[in-house]
């Protein structure tokens, strides 16, 4: 059994490394202002070499950090294919058929385990937060304070406002922060693993809160 495990270990390590590469790229793309679903899709698409639609390509080309991230993913994707093929040649075909079948079984079990683990919301959020802190701490990318999500006529829209460490609104209530005076409706506050839907005027704003706001985008931008 030890010989089987040692034979497939390089392949398993490659799978783990490239899983982390895609996850890190997803977090970086998200920090540039894309939503998580779009960030994940673009990271996987770039890594696997599948194409984008025109609209998605415009989102990538419109930001320098997104272009760099996608370019690195495309290069690593090609390296990944070569690495997996080389690992398969080294891991299989050199022993008996029963041993090779055991190797296939163990690899499939590991992939299923990795999929189940990453499907857990608690683990996925913890991993994303951990990567996000490391990426920001190393200065790889600066988190966007304001993310415009939806545009409506006459300058209105929906945007996500992130409360930074040095934000003047931190530790103030929604009323004291002036949202009501500027006719901005805060639809929800996302705080770590908690969601406060339709917060009240006396609810306090904390660092790293994500406020989903509706109103004139120009008014919302004054908080960014």
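Where a number appears in this text, it was derived from the coordinates with a stated rule and is not lab data. Only a predicted model underlies this, so the values are computations on that prediction, with no experimental measurement involved. Here Cβ is always computed from backbone atoms with ideal geometry, including for glycine, and neighbour counts include all displayed protein chains.
To the nearest 10 degrees, how steeply does helix 36-48 sit against the main Cα axis of the chain, on a 0 to 90 scale?
Between helix and principal axis, roughly 30 degrees.
Angle check, please: helix 2-31 long axis (alpha carbons) against the longest principal axis of the chain (alpha carbons), in degrees 0 to 90, nearest 10.
20
Connecting C-alpha atoms closer than 10 Å in a GNM of the chain, tell me which of 50, 38, 69 has the biggest fluctuation.
Between 50, 38, 69, it is 50 that shows the largest mean-square fluctuation.
At what distance in nm do the modelled label points of residue 222 and residue 75 sit from each other, each positioned 7 Å from its Cα along Cα→Cβ?
About 4.5 nm, to one decimal.
Using Cα pairs closer than 8 Å and at least 6 residues apart in sequence, work out the relative contact order for the range 146-221, in percent.
40
Note down, for the range 109-204, the three equivalent ellipsoid semi-axes (square root of 5 times each alpha carbon gyration tensor eigenvalue), biggest first, whole angstrom.
That gives 31, 17, 15 Å for the three semi-axes.
Only Cα pairs under 8 Å and at least 6 apart count here; give the relative contact order of the chain as a rounded whole percent.
17
Helix 121-137 sits at what angle to the longest principal axis of the chain, using alpha carbons and giving 0 to 90 degrees rounded to 10?
Long axis of 121-137 versus the principal axis of the chain: about 80 degrees.
If you build a Gaussian network model of the chain, linking Cα atoms that sit under 10 Å apart, which residue out of 168, 36, 132 swings the most?
Answer for the Gaussian network model of the chain: 168.
So, in nm, how far is label residue 203 from label residue 86 when the simple model puts each one 7 Å beyond its Cα toward the Cβ?
Reported label-point gap for residue 203 and residue 86 is 5.2 nm.
Provide, as a two-decimal number, the C-alpha radius of gyration of the chain over 2.2 N^0.38 Å, N being how many residues it has.
In units of the 2.2 N^0.38 Å rule of thumb, it is 1.29.
Sort out for me the Cα centre separation of the range 107-141 from the range 178-196, rounded to whole Å.
Computed from Cα coordinates, the inter-centre distance equals 27 Å.
Could you check the spin-label model distance between residue 133 and residue 99? Points 7 Å from the Cα along Cα→Cβ, value in nm.
Here the answer is 4.4 nm between the modelled labels.
Return the single residue from 25, 164, 137 with maximal mean-square fluctuation; model: Gaussian network over the chain, springs between Cα atoms under 10 Å.
In the Gaussian network model the winner is 137.
As a check on your grasp of the helix formula, calculate [θ] at 222 nm for the chain: sum -39500 (n - 2.57) over DSSP H runs of n ≥ 4, divide by the residue count, round to the nearest 500.
After summing the helix terms and dividing by the residues of the chain, the value is -18500 deg cm²/dmol.
Provide the FRET efficiency to the nearest 0.05 for the residue 170-residue 194 pair, computing r from the beta carbons and using R0 = 22 Å. Kindly include the intermediate steps, with their values, before the conclusion.
Details: r = 17 Å, r/R0 = 0.77.
Efficiency at R0 = 22 Å is approximately 0.80.
Work out how much length residue 140 to residue 35 would gain on full extension: take 0.36 nm times their residue separation and subtract the Cα-Cα distance, in nm to one decimal.
Result for the pair: 35.9 nm of gain on full extension.
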